[in-house]
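Engineer: Here it is, the structure, as structure tokens.
The values are calculated or read from the model by the stated rules, or taken from the named source; none is laboratory data. Just so it is clear, the structure is predicted and the values come from calculations on it, not from any experiment. Areas reflect the complete protein model, heavy atoms only, side chains present, ligands, DNA and RNA absent. Shrake-Rupley method; radii C 1.70, N 1.55, O 1.52, S 1.80 Å.
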Amino acid sequence: MEYREGDLVVIKSGGLPMTVRWFIDSAAAKATGREMGVHCDWLDNNGAHHYALFLPQQLERWPPKPREAP
């Protein structure tokens, strides 16, 4: 999955919604020497700013689509 600046995402395992700051795919990572991933920013419940780099497969768009029953 590809992400764009400003997309809202959430970690699949749960957590607060985050904003994508930038996305580096594998081709861009090889070309630039930067680490592949989705760089996200979010505010916690106390208003403190956080940021981290995630693998694309760890995230899903927010709000998440309802999951189908098995």
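Engineer: Got a number for carbon plus sulfur as a percent of the chain's accessible area, 1.4 Å probe?
Structural biologist: That share works out to 53 percent.
Engineer: Return one whole number: the accessible area per residue of the chain in Å², for a 1.4 Å probe.
Structural biologist: 74
Engineer: Separate question: Counting pairs of alpha carbon atoms under 8 Å apart in space and at least six apart in sequence, what relative contact order in percent does the chain give?
Structural biologist: 32
Engineer: Rounded to two decimal places and with Rh computed the Kirkwood way over Cα pairs, what is Rg over Rh for the chain?
Structural biologist: 1.02
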